[in-house]
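Right, one structure below, let's go through it.
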Amino acid sequence: MSGFRAYCDFSDFGGGENVGAGDIVRLGPAESRHLCGALRARAGDFADVFDLRGNAFACSIAEASQKSAALEVRERLFPPEPSPKIFVAQCLPKSAAFDEIIRQSVELGASGIFPLASARAVVRIDPADAEKKARKWAEKCAEAVKQSANLSRFEISAPAPLSGFLASAGGFDAKIVASLRKNARPILELMEGEFPSGVGRVCVLIGPEGDLTDAEYDAAERAGFLPASLGENVMKCDTAAMCALAVAKAFFGRK
């Protein structure tokens, strides 16, 4: 793995699945400026080029252009698949907080984020802005990958209503909701009691800045999400998300 990393959607090849050794990959203007301008990479240097779908390649820089850098593919890389795969279902907070949740989720090794619209969510996604938001979130993911060298597949789904997400959340082996209610058990105690054996897919549900309503908590519990306490203190939602994710990574990642 090289010290330089750059994002590419591999659209010239119809996707990263079709890229092979010897192919020339051209970066977009922003990535070219970052790699060859800000980082001062030069022709002959090595760089790992990735998308967010788990495709990654060790490359050598053939043309160090700040407008359209060209890199020759040397070999395909095989980023390790997280085991288990842990997802954060995040009721949307303010943009800056969600950007931080994206960054830290990638760095901690989550497999993806489900952005959710809930009753007290501050952010409302206008359908006309959805594509712009998706691009921004993808850019934040790519920045975090370049920082962390976590080249594994990372998914951010389109924003969805919490109710719709709960109705379709049957594909997880472990489901936990960070909760301030009295029936919540300490998160580590809950996981030790409920999930003694290995699991493949985990989802941690986090409320918005104003917390979930009682009706939303009830709906989450009916959908199989077990209420977990993250401690005695009331955390901001971005802190709560990373606390729950870190504990889940440590617990479920034990050998």
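Coordinate-derived values only; no laboratory data. This one's a predicted model, so the numbers in the text were calculated from it and none came from an experiment. Note that we place each Cβ from the backbone using ideal geometry, even for glycine, and neighbour counts take in every protein chain shown.
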Fill in: Backbone HN-Hα couplings from phi across the range 190-195 [Karplus 6.51/-1.76/1.60, Hz, Gly and Pro as x]
4, 5, 5, x, 9, 10
Worksheet item: So what's the net charge close to residue 173: Lys and Arg +1, Asp and Glu -1, counting the other residues with Cβ under 10 Å from its Cβ?
Response: +3
Worksheet, complete the sentence: Expected unfolding gain across residue 181-residue 130 under the 0.36 nm per residue rule, minus the alpha-carbon gap, is 15.1 nm
Worksheet item: How long is the gain from residue 120 to residue 9 if the chain were fully straight, where each residue apart is worth 0.36 nm and the alpha carbon distance is subtracted?
Response: 36.5 nm
Worksheet entry | Tilt relative to the chain, helix 237-252 - C-alpha long axis, 0 to 90 degrees, to 10 | 90
Worksheet entry | Residues whose placed amide H lies under 5 Å from that of residue 4, excluding near-sequence neighbours | 48
Fill in: the range 14-94: antiparallel DSSP beta bridges as a percent of all, rounded to 5
100
Discussion item. Need the C-alpha centroid separation for the range 17-43 versus the range 82-150, integer Å.
Written reply: 25
Response to the item:
Counting only DSSP beta bridges with both partners in the chain, the antiparallel fraction in percent, to the nearest 5, comes to 35
Fill in: Cβ-based exposure ranking for 237, 59, in which fewest neighbours within 10 Å come first
237, 59
Practice prompt. Once you've got the GNM for the chain with C-alpha springs shorter than 10 Å, pick whichever of 142, 241, 128 has the biggest mean-square fluctuation.
Written response: 128
Discussion item. Treating only the Cα positions of the chain as identical point scatterers, give the base-10 log of I(q)/I(0) from the Debye formula at each q in 0.07 Å⁻¹.
Written reply: -0.27
Worksheet item: Tell me, what ³J(HN,Hα) does each residue in the range 30-40 have, in order and in whole Hz, if you take phi through Karplus 6.51 cos²θ - 1.76 cosθ + 1.60 with θ = phi - 60° and put x for Gly and Pro?
Response: 5, 5, 5, 4, 5, 5, 9, x, 5, 8, 6
Discussion item. Quick check on the exposure proxy: order 239, 213 from fewest to most C-beta atoms within 10 angstrom.
Written reply: 213, 239
Response to the item:
Counting all Cα-Cα pairs in the range 1-81, those more than 21 Å apart amount in percent to 16
Worksheet item: Dividing the alpha-carbon radius of gyration of the range 164-219 by 2.2 N^0.38 Å (N being the number of residues), what value is obtained?
Response: 1.20
Worksheet, complete the sentence: Taking the chain, the lysine pairs whose C-alpha atoms sit under 13 Å apart (8 or more places apart or on different chains) add up to 5
Worksheet item: Roughly how tilted is helix 95-108, in degrees to the nearest 10 and between 0 and 90, from the longest Cα axis of the chain?
Response: 80
Worksheet entry | Added length on full extension, which subtracts the Cα-Cα distance from 0.36 nm per residue, residue 192 to residue 232 | 12.5 nm
